1. Taking loop as defined by DSSP and a crowding limit of 16 other beta carbons within 10 Å, which chymotrypsin sites (Phe, Trp or Tyr not before Pro) in the stretch A:233-295 fit?
2. Give the relative contact order (percent, whole number) for the stretch A:31-133; include only Cα pairs under 8 Å separated by 6+ residues.
3. Can you tell me the Rg and Dmax of the stretch A:237-292, counting just the alpha carbons, in angstroms?
4. Can you find, among A:Gln239, A:Gly253, A:Ile292, the residue sitting farthest towards the positive end of the charge dipole of the stretch A:237-292, where Lys and Arg contribute +1 and Asp and Glu -1 at Cβ?
5. Can you tell me the relative contact order of chain A? Whole percent, Cα pairs under 8 Å, sequence separation 6 or more.
6. May I ask for the Rg/Rh ratio of chain A, computed from Cα atoms with Rh as the Kirkwood radius, given to two decimals?
7. Using a 1.4 Å probe, how large is the accessible area of A:Val8, given in Å² and rounded to the nearest 10?
8. Suppose every K and R has +1 on its Cβ and every D and E has -1 on its Cβ; what is the size of the dipole of chain A about the Cα centre, in Debye to the nearest 20?
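The values are calculated or read from the model by the stated rules, or taken from the named source; none is laboratory data. Every value quoted in this text rests on a predicted model; they were computed, and no experiment measured them. Methodologically, a virtual Cβ is constructed for each residue, glycine included, from the backbone with ideal geometry; neighbour enumeration extends over all protein chains shown. Keep in mind that these areas ignore ligands, DNA and RNA; they rest on the heavy atoms of the full protein, side chains included. Shrake-Rupley method; radii C 1.70, N 1.55, O 1.52, S 1.80 Å.
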Amino acid sequence: MPAHTPPVSELHRRILDWFDEHRRALPWRDDPEPWRVMVSEFMLQQTPVVRVLPVFEAWLERWPTPAALAASSSGDAVRAWGRLGYPRRALRLHAAAVAIVERHDGRVPDSYDELLLLPGVGDYTAAAIASFAHGRRAVVLDTNVRRVFARVVEGVQYPAAGVVRAERDVAASLLPDDEATAARWAAATMELGAVVCTARSPQCDACPVSDLCRWRALGHPEHDGPPRRGQAWHGTDRQCRGRLMAVVREAHGPVAPELLVAAWSEAAQRERCVDSLLDDGLLDLDAEGRFILPG
DNA sequence: TATGCGTGGAC
DNA sequence: TGTCCAAGCAT
């Protein structure tokens, strides 16, 4: 651990106390049943809480267990996903539900290693489910936690583009030994990053560790280094795919190819994107060559 | 390790 | 208006 790291016990006490008082009431937090936590984590990958809330409630109403989702088609999952974005997540959640039924007797596994083997579950999601749903001790490193540690410990505005070894070591060294406390710590540090230590305008006045924060002590130096490149959007395949998926998702029946022209006029790109959507399993063709969601 | 992958709100 | 950002994953 770097020499400038604040006293760990003090960080723990302050952030855990702050969390006890300020934690948001969230449906997957108030009732952290494992399937609910798993669904929420898939939906929250790159998608804000406020947009997830209504879709989450409808999803759990319809599919209260992995077995229920596994018994539906992947296309039903894609349609229910609505406009959350990155619809391949819906496909992966469906595939994960099938795997849970086949390999885990319908119960969401509780170990990081088993979770990691599920489709759509990477390092973060495996750690989050193990920690939030099962109370396990796991290093939960999401964008919020990474930003909090980058600022408080390293004294920089933003973490590096990718997780590096040293960063994981710092996070591991800060994780409380006690299992239940470690799980609270994971939720607390995420919450602090999501609500107070935000990317754009951090609310240092409301931060329980502002006086221990290295970034604040240094005068909030701005990000130094290569510019953080935003994702291109206009005219990209992602935009095209989104338009095409919206047409099929919101149609009442099969969609004739001609109807996709209105969604994207440039033929070569449209056809390339249709092919990629078919390849991904997000679209399918019926007997008449019309587009449908997979059955 | 760098890209590609949706969507919409905030500024 | 354009840019940035949001509980990442797979390749």
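1. Here the sparse-neighbourhood loop sites are A:Trp233.
2. Taking the mean separation of contacting Cα pairs over the length of the stretch A:31-133, I get 32 percent.
3. Gyration radius and largest Cα-Cα distance of the stretch A:237-292: 10.0, 28 Å.
4. A:Gln239
5. Dividing the mean separation by the residue count of chain A yields 18 percent.
6. Ratio value, two decimals: 1.02.
7. The accessible area comes out at roughly 40 Å².
8. That gives a dipole near 640 debye.
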